[in-house]
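In what follows, a single structure is set out as structure tokens and then discussed.
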Number of protein chains: 2
Amino acid sequence: MKDFDPWAVKEISDYGKLMSDFGMESFEKYREKYDSFRYIRRGIIFGHRDFQRIVDAKGHRKPFALMTGLMPSGDFHMGHKMVADEIIWFQEMGADIFVCAADMESYLMRDIPFEEARKIALEEYLTNYIALGLSPKNLHFWFQSDYINEYYRLRDMSSKRVTFNEMQAIYGELTPAKIISVLTQVADILHPQLERFGGPKPVVVPVGADQDPHIRLTRDIASRMNAEREDGRADMPCIPPSATYHKFMSGLTGGKMSSSDPKSHIALSEDPTRAKKKIMSAKTGGCSTVEEQKKVGGEPEKCMIYELYLYHLIDDDLELSKIYHECKSGKLLCGEDKTHCAQLMEKFLVEHQKKMPKARETAERILEKK
Amino acid sequence: MKDFDPWAVKEISDYGKLMSDFGMESFEKYREKYDSFRYIRRGIIFGHRDFQRIVDAKGHRKPFALMTGLMPSGDFHMGHKMVADEIIWFQEMGADIFVCAADMESYLMRDIPFEEARKIALEEYLTNYIALGLSPKNLHFWFQSDYINEYYRLRDMSSKRVTFNEMQAIYGELTPAKIISVLTQVADILHPQLERFGGPKPVVVPVGADQDPHIRLTRDIASRMNAEREDGRADMPCIPPSATYHKFMSGLTGGKMSSSDPKSHIALSEDPTRAKKKIMSAKTGGCSTVEEQKKVGGEPEKCMIYELYLYHLIDDDLELSKIYHECKSGKLLCGEDKTHCAQLMEKFLVEHQKKMPKARETAERILEKK
């Protein structure tokens, strides 16, 4: 049996097309340098564009920023926690943090009223970010529907730097609302480089691999915004944004993890007892009978329990490795493993939820300051 | 010889298709009521949509507003003066005045840098409006690129109320920049009805007949914005805007009057001597020889000099009628008539330009207050 890399549940080849066809680069060369961060060490962050700019900025003590967006709909779950962990890690690295609540997008594309989006952004997202460790210091948080005018100007200006056909190639059939959503996202990513925020600087956007088309479009528009006009100035001097790409967590039942399907995820506000139950009925990589599993072993690569360990619940590689090999060898059975996972999850949720009330207050203060 | 209506240079039939096919209504029923206003009395304002709302608001002493946009490019000329006169007339009627400098549109569609647009909007448009009699009281003046966030939100929301095909039917081939321009114009027209400005109210937009497609689109979007959501509220309660439609002045040389063609227009900042020269070489409705004209008479309906009288230089109907009939009968010849017109124009420009420095100061104060 090939000694599978226990830190990489999904083979990188799943994502290989992005690298071979679209110029995304492997994160491998940074893995050792930043191996204190679980997602990097375990190859969950597997790709990047222009990450060297961020490394250099940090190295030369120059300002750099992280930009991320959140779609205020549904529960804040363990998949969102992964992004939150990344934001917090970059903040600890020294990045200024720009977080956008995409309430215009949720209104335009999902019919979510602004008041509801605002409530979700506050109660679910911002509060959880803070409880997970995001500091309000150097944090810029805004709603797409309610912000500064340079931001809207930048968005409108970017409309001149993209053709209809380019957009259609990425987004398929276009509507006026979809065009507005796309351009707003471009402005979200570029505006940390506005003069008001200190001008051009490296900005990293941590995303799932499926978000790469947005990144590519924004990088193209940035280059065009940065091009000199006849009078020798750029319309907006800026640096094409960098990006890191992570793999996705699967849903508990094996499919996609989705905010709108409670069976597929565990929310960070979830009742710990209910969370434990979800774990006990999650999909594993086990065999159909105990006897068979004892004989041939389980498949952690296909196990949702193992994914929870890998992404969130077990930070110690040795401990994780032990589980991996005991599962493979048939020594560790699914029932016992699930119970273990459920206990870890319960512990995490209880501790996290204790931090929520204070985090909520902090989150409210951040929104009031706006 | 049919006694032609001397107040209507172009037959209403030129515009008949708009009325028969697109539901524009004739302004005829309001002509007597508002005959103190030259453009109405003379049928230059010939059509409308929902003007009764404005009449009723005024009658019941309810708030109503006028909205107009300006494209900050080129000279402010006698064609723009017509719109300015309309704005001022509505202000005297009691309308709150909303004037939008379409600097985003001029940037997106005509490549005019924002700084240049700002300069033109101040020095040409706003200053001339003030010098012509616009009061800074109840005047809201804004730049599309630099305004309040409810305005941008409204624009984005309207993107959801129009299909791609509807836009294409009006504007032909679409680009992202054109879509932004169109939606910005919709927000320009609707936003006087934002809560911040007192909520829904009748708003009149005085435009040339060629602008009717924008008006129709905005009225459609307004109806859809006003439709109730599931929760019984409207996304933005508002009243579809009213409009008045005026005929166009021709250019001095007979074609279109254009900001970018100095031969076609007289700017309000023009050197009066140069303006006189332009008038002396303007196209008239005269014959090729004096002898012929004395015999068959001139055609004021085709005469640019007569248009200048009709729109701007002669407010007294009797005086204008005399010129009309003397021209028709061959008594008044083009040379004499041009000299007369040149004198009136010189007088107007000299007096107007005296008011400019003070008007400029007022205009600057208005922009500073923003």
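Using the Cβ-Cβ distance between A:GLU173 and A:ALA227 with R0 set to 35 Å, the FRET efficiency from 1/(1 + (r/R0)^6) comes to roughly 0.75.
The mean number of Cβ atoms from other chains found within 10 Å of a Cβ in peptide B:109-116 is 2, as a whole number. The residue list B:VAL207, B:SER73, B:ALA363 was ranked by how far each Cα lies along the charge dipole of chain B toward its positive end, using unit charges on Cβ atoms, and B:ALA363 comes out on top. Kindly state, to the nearest 0.05, the FRET efficiency for A:ASP220 paired with B:ASP210, given R0 = 41 Å and r defined as their beta-carbon distance. For A:ASP220 and B:ASP210, the calculated efficiency is 0.70. Since only A:GLY335, A:GLY298, A:MET249 are under comparison, the one whose Cα sits farthest along the positive direction of the charge dipole of the stretch A:240-370, derived from C-beta charges on Lys, Arg, Asp and Glu, is A:MET249. Between identical copies, the spacing of A:GLY198 label points, each set 7 Å from Cα toward the C-beta atom, reads 4.6 nm from nearest to farthest. Each Lys and Arg contributes +1 and each Asp and Glu -1, all at the Cβ; summed about the Cα centre of chain B, the dipole is approximately 420 debye. Shown for the protein assembly as shown: the carbon plus sulfur share of the solvent-accessible area, taken with all protein chains present and a 1.4 angstrom probe, equals 50%. With Cα atoms as the point set, the radius of gyration and Dmax of the stretch A:275-360 evaluate to 14.2, 50 Å.
Before anything else, pin down the relative contact order of chain A: Cα pairs under 8 Å, at least 6 apart, normalised by residue count, whole percent. It rounds to 19 percent for chain A. In a fully extended conformation the segment linking B:GLU319 and B:GLU195 would gain 39.9 nm over its present Cα-Cα distance, using 0.36 nm per residue. Measuring from the axis that maps chain B onto chain A, the chain B residue with the nearest beta carbon and its rounded distance in angstrom come out as B:TYR152, 2. Centroid-to-centroid, using Cα positions, the stretch B:204-244 and the stretch A:301-346 are 59 Å apart.
The label point for A:SER329 and the one for B:ASP21, both projected 7 Å from the Cα toward the Cβ, are 8.4 nm apart. Among beta bridges from DSSP that stay inside the protein assembly as shown, the antiparallel ones total about 35%. Two numbers describe the Cα atoms of chain A: Rg and Dmax, which are 21.5, 78 Å.
Phi-derived couplings, Karplus 6.51 cos²θ - 1.76 cosθ + 1.60 at θ = phi - 60°, listed residue by residue for the stretch B:118-124: 5, 5, 5, 4, 6, 6, 8 Hz, with x used for Gly and Pro. A Cβ-based charge dipole, computed about the Cα centre of the stretch A:204-247 with Lys and Arg at +1 and Asp and Glu at -1, lands at about 180 debye.
The chymotrypsin sites (Phe, Trp or Tyr not before Pro) found in the stretch A:307-370 include none that occupy coil by DSSP while having at most 16 further C-beta atoms within 10 Å. Between copies, the label points at A:ASP271 (set 7 angstrom from Cα along Cα-to-Cβ) are spaced 8.7 nm, reported in nanometres from shortest to longest. Fully extending the segment from A:ASP146 to A:ARG61 would add 27.4 nm, taking 0.36 nm per residue of separation and subtracting the current Cα-Cα distance. Converting phi to 3J(HN,Hα) with the Karplus coefficients 6.51, -1.76 and 1.60 and the offset θ = phi - 60°, the stretch B:180-196 yields 4, 4, 5, 5, 5, 5, 4, 5, 3, 6, 8, 5, x, 9, 4, 3, 4 Hz in sequence order, with x at every glycine or proline. Across the identical copies, the label point of A:GLY16 (7 Å from Cα in the Cβ direction) is separated from its matches by 7.3 nm, in order from shortest.
Going by alpha carbons, how many degrees (0 to 90, nearest 10) lie between the helix axis of A:149-158 and the longest principal axis of chain A? Tilt of helix A:149-158: around 90 degrees. A simple rule links phi to the HN-Hα coupling: the Karplus curve 6.51 cos²θ - 1.76 cosθ + 1.60 with θ = phi - 60°, which for the stretch B:43-57 gives x, 6, 7, 10, x, 7, 10, 6, 5, 4, 4, 6, 4, 5, 4 Hz, with x for Gly and Pro. The B and A chains share an interface that buries close to 2800 Å² of accessible area, total over both sides, probe 1.4 Å.
For the stretch B:28-99, applying the loop criterion from DSSP together with a ceiling of 13 other beta carbons within 10 Å to the GluC sites (Glu not before Pro) yields B:GLU32. Averaging the sequence gap over all C-alpha pairs within less than 8 Å and six or more residues apart, then dividing by the number of residues, gives the stretch A:131-237 a relative contact order of 25 percent. Who wins for biggest fluctuation among A:GLU116, A:GLU173, A:GLU307 in a Gaussian network model of chain A, springs between alpha carbons below 10 Å? Greatest mean-square fluctuation among the candidates belongs to A:GLU173. When only Cα pairs below 8 angstrom with a gap of at least 6 residues are kept, the stretch B:208-342 shows a relative contact order of 18 percent.
Taking amide H atoms as placed 1.01 Å from N in the peptide plane, the amide H of B:GLY298 lies under 5 Å from those of B:LYS328, B:SER329, B:GLY330, each 5 or more residues away in sequence or on another chain. Remark: chain A carries 43 Å² of accessible area per residue (probe radius 1.4 Å; ligands, DNA and RNA excluded).
Take peptide A:172-182, look around each residue's Cβ out to 10 angstrom, count Cβ atoms belonging to other protein chains, and average those counts.
Counting other chains' Cβ atoms within 10 Å and averaging over A:172-182 gives 6.
Between amide H atoms placed 1.01 Å from N, distances below 5 Å from B:ASP96 occur with B:PHE64, B:ALA65, B:LEU66, all of them 5 or more places distant or on a separate chain. A straight line joining the Cα centroids of the stretch A:47-91 and the stretch B:44-71 runs 52 Å. Considering only DSSP beta bridges with both partners in the stretch B:141-292, what is the antiparallel share in %, to the nearest 5? Restricted to the stretch B:141-292, the bridges split so that about 40 percent are antiparallel. A cut-off of 5 Å between modelled amide H atoms, ignoring neighbours fewer than 5 places along the same chain, links B:GLY47 with B:PHE27, B:TYR245.
Among A:TYR171, A:TYR129, A:TYR245, the largest mean-square fluctuation in a Gaussian network model of chain A (Cα springs under 10 Å) belongs to A:TYR171. Spatial offset of the stretch B:95-145 relative to the stretch A:262-281 amounts to 58 Å, using the alpha carbon center of each. Once Lys and Arg get +1 and Asp and Glu get -1 on their Cβ, which of A:GLN52, A:PHE143, A:SER181 lies farthest toward the positive end of the dipole of chain A? Highest projection toward the positive end goes to A:GLN52.
The values are calculated or read from the model by the stated rules, or taken from the named source; none is laboratory data. What you are looking at is a predicted structure, and each value in this text was computed from that prediction instead of being measured. Quick reminder, even Gly has a Cβ in these numbers, built from the backbone with ideal geometry, and neighbours come from all protein chains shown. These accessible areas exclude ligands, DNA and RNA; they are computed on the full protein's heavy atoms, side chains included. Shrake-Rupley method; radii C 1.70, N 1.55, O 1.52, S 1.80 Å.
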